[in-house]
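Student: Before we start, here is the structure in question, set down as C-alpha cells.
The values are calculated or read from the model by the stated rules, or taken from the named source; none is laboratory data. Every value quoted in this text rests on a predicted model; they were computed, and no experiment measured them. FYI the Cβ positions are ideal-geometry reconstructions off the backbone, even for glycines, and counts take in every protein chain you see.
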Amino acid sequence: MIEKLKDAGLRVTPQRLAIINFLDGNTSHPSVEEIYKELKPEFPSLSMATVYNTLQTLENAGIIQEINIEPGKRHFDPNPYPHCHFFCRSCKRVFDIDLGVEQVEGKRWVSDFWVENCYINLMGKCNSCMKSND
Ligand SMILES: [Zn+2]
Ligand SMILES: [Zn+2]
C-alpha cells in the first residue's frame with residue numbers, strides 16, 4: 001500500500017503511514033471512528049479531520065474504497081476491487097461476501113459481464129449472532 005501511495009504521488013507522513021498500516025490487510029472494514037480511536041493513543045496530535053482527509057485522499061487515489069453500509073457511519077475497505085458486503089445489525093460487523101466476482105486478465109467479471117463497480121449490501125445477522133440468539 002505504501003508503494004501505491006507513492007505511485008499516486010502522495011506524501012508519506014507518519015500519520016498517513018499509521019492509517020495505511022492499520023488498514024493494510026484489515027478485513028474488518030473499520031469506520032472512521034474506529035480508525036481514529038485505534039491510532040489516537042499512539043498519535044496524540046491526530047485529529048478526526050486528518051483521518052477523514054487521509055481516507056478521502058486514499059479513496060480518490062483508488063487505493064481503498066468507502067463502503068456505505070451502516071447508516072450514519074463511513075466504513076473503509078483496503079480492498080479497492082468490486083465485491084459485496086454483509087452488515088450484521090446485531091454486532092455491527094461488516095463482512096465480505098463472495099457473489100462470484102471473478103478476476104480474468106486484471107478485470108473483474110460476473111459470468112460474462114465486466115464489473116466496474118459493485119454496491120451490493122446485504123443486511124441481517126451473522127452466524128455467531130444467530131448462534132448466540134441475541
Ligand atoms: Zn453479528
Ligand atoms: Zn470488503
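Student: Inside region 65-89, can you point out the residues that are closer than 15 Å to Cys118 by Cβ and away from ligand 1 (no atom under 16 Å from the Cβ)?
Tutor: Correct list: Gln65, Glu66, Ile67, Asn68, Asp77, Asn79, Pro80, Tyr81, Pro82, His83, Cys84.
Student: Please determine whether any residue of region 34-46 is at pLDDT 95 or above, of a type in the set (Ser, Thr, Tyr) and outside the structural domain of Cys118 (by TED's automatic domain parsing).
Tutor: The answer is yes, given that some residue of region 34-46 is at pLDDT 95 or above, of a type in the set (Ser, Thr, Tyr) and outside the structural domain of Cys118 (by TED's automatic domain parsing).
Student: A follow-up question, please. Restricting to region 119-134, name every residue that is within 16 Å of ligand 2 (Cβ to nearest atom) and among the hydroxyl-bearing types (Ser, Thr, Tyr).
Tutor: The answer is Tyr119, and nothing else.
Student: While we're looking at this one, here's another question. Restricting to region 90-116, what's the tally of residues that are within 18 Å of the chain's Cα centre (by Cα) and either touching a residue at least 40 places away in the same chain (Cβ under 8 Å) or within 16 Å of ligand 1 (Cβ to nearest atom) (or both)?
Tutor: First, the residues of region 90-116 that are within 18 Å of the chain's Cα centre (by Cα): 91-99, 101, 116.
Add one more test, that the residue is either touching a residue at least 40 places away in the same chain (Cβ under 8 Å) or within 16 Å of ligand 1 (Cβ to nearest atom) (or both), and what stays is 91-97.
Within region 90-116, residues that are within 18 Å of the chain's Cα centre (by Cα) and either touching a residue at least 40 places away in the same chain (Cβ under 8 Å) or within 16 Å of ligand 1 (Cβ to nearest atom) (or both) number 7.
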